[in-house]
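The values are calculated or read from the model by the stated rules, or taken from the named source; none is laboratory data. Because the structure is a prediction, the values reported are computed rather than measured. Because the Cβ atoms are built from the backbone with ideal geometry, glycine has one as well, and the counts that use them run over all protein chains shown.
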Amino acid sequence: MSIPDHYTTLKIESSASDEEIKQAFRRLAKEFHPDKNPGSEEAAERKFKQIVAAYEVLCNRKSRNIYDRMLKAKRASIRVTSRRDNLRRKAKKDIAYLCQLILLELLEQNAQTALEMYENLISRKLHFSLDSYMNDADIRDCEFLLGEAYHQMGRLSEAARLYEKVLERERKKAYFRGFAQEIELMLKDVYIQRIAKADCSEEILVNMEKILALDLPKREAAWIHKKAAEAYYRANDMDSALRALRSAFQINPKLAGAKRISKKLGIKNGVSKTHF
């Protein structure tokens, strides 16, 4: 939807006071009133209607606030479009600009477009790394957002690889407060999903080791062990399932939600029923 620039129509700044808006309206309404423009009535009437419409929006505080937000978004969109076009031209010859374009698309929530460009790039350049083309802050933003895009698409291996890279950077030197914790939350969800989807014990174990390395609270660690027990059971590895569930109960004897897997494995509170 096209948004007219009412401030330009009234020839005032966006910071204009209510009184300045009124004065501008009166001056322009008088200047462009059809009756004051014989021979150019139609053109004057079109301009007059624009002036009235602008004033009706800007003279009301509530409607002006809404309009200001819309105009700000429009101007931001224009800037983004201009920057995107500029980056596209330069990206044809310079990978650094292509990396910036990928980051821009990610920031604008055009994840599919960004991933297509990124995957095309890594397919063309062996051992490609953003490190050679972006500064540290942009690398972290780009890798995290790429990981998030893969995560949302269910491409968990790619997501984990990128999250792990960003977390490693963050542990060496913090980017901003709380960023490491945010990455760990994302990684935890990825590892849990990978455990749930794993079809072999080795894959379950690898992801268990990774998630437990995140130093979880005891109650959460116990829950993770229970989820692993369920995954081992599905993989028909009963010994590992028993060990995982017993570990869960050792960490949290009051573990909730373990009744079904406990029954399947024939244990109660982490102890085999045959031992009672």
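Taking the criterion of being in contact with an Asp or Glu (Cβ under 8 Å, 6 or more places away or on another chain) and not polar (S, T, N, Q), would at least one residue in region 50-57 satisfy it? No, because not a single residue in region 50-57 is in contact with an Asp or Glu (Cβ under 8 Å, 6 or more places away or on another chain) and not polar (S, T, N, Q).
Candidates are the residues of region 202-231 that are part of a helix (DSSP H, G or I) and of a type in the set (Asp, Glu); the one that is nearest to the chain's Cα centre (by Cα) is GLU220. Kindly evaluate ASP199 against the criterion of being modelled with pLDDT under 95, part of a helix (DSSP H, G or I) and either outside the structural domain of ALA244 (by TED's automatic domain parsing) or acidic (Asp, Glu) (or both). The answer is no for ASP199.
Examine region 125-144 for a residue that is free of Cβ contacts under 8 Å to residues at least 24 places away in the same chain, within 30 Å of MET238 (Cα to Cα) and assigned to a helix (DSSP H, G or I), and state whether such a residue exists. Scanning region 125-144 turns up no residue that is free of Cβ contacts under 8 Å to residues at least 24 places away in the same chain, within 30 Å of MET238 (Cα to Cα) and assigned to a helix (DSSP H, G or I).
Anything in region 1-39 that is basic (Lys, Arg) and assigned to a helix (DSSP H, G or I)? List them, or say none. Result: LYS22, ARG26, ARG27, LYS30, LYS36.
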